[in-house]
Amino acid sequence: MNKIEVLLANFHLYEDLRIDLTEPSGRFKWFLVSILFGARISEKIASNTYKAVERYGIDSMEKIIAAGWDERVKILDEGGYVRYDFSTGDITNA
């Protein structure tokens with residue numbers, strides 16, 4: 001069993017956000033969460049923003065790009081990322 005398999009076997013669910021790392025879509029969601037939680041902002045706001053992303057069905061890079069700048073900023077604002085619109089709104093450059 002390789003290291004990734006061991007991690008997935010033991011930590012397959014990001015509990016608070018209900019991200020299943022055994023699914024490829026879950027791995028993308030985890031990547032997105034890592035970007036949100038990487039900003040200098042509270043865990044609560046990062047979590048709220050991720051939940052807003054889920055409500056809008058933005059669960060792939062293609063959907064993030066298709067949403068466009070204004071929609072991404074709207075989602076970030078809804079989650080509480082209001083001071084980070086210009087830096088985090090451009091998540092497509094991550």
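Taken together, the values in this text are just the output of simple stated rules run on the coordinates, not laboratory data. Just so you know, these numbers come straight off a predicted model, no measurement behind them. In this analysis, Cβ positions are derived from the backbone assuming ideal geometry, glycine residues included, and neighbour counts consider all displayed protein chains.
General observations
- Note on Asn10 and Lys74: the extension gain reaches 19.5 nm, defined as 0.36 nm multiplied by sequence separation minus the Cα-Cα distance.
- A simple spin-label model places the labels of Lys63 and Glu43 2.6 nm from each other, with each point 7 Å out along Cα-to-Cβ.
- Within straight-line cross-link reach of Lys63, lysines at Cα separation under 21 Å, skipping those fewer than 8 residues along the same chain: Lys29, Lys51, Lys74
- Cβ-defined net charge surrounding Glu54, 10 Å radius [Lys, Arg +1; Asp, Glu -1]: +3
- For Asp20, net neighbour charge (Lys/Arg +1, Asp/Glu -1) across residues whose Cβ lies under 10 Å away: +2
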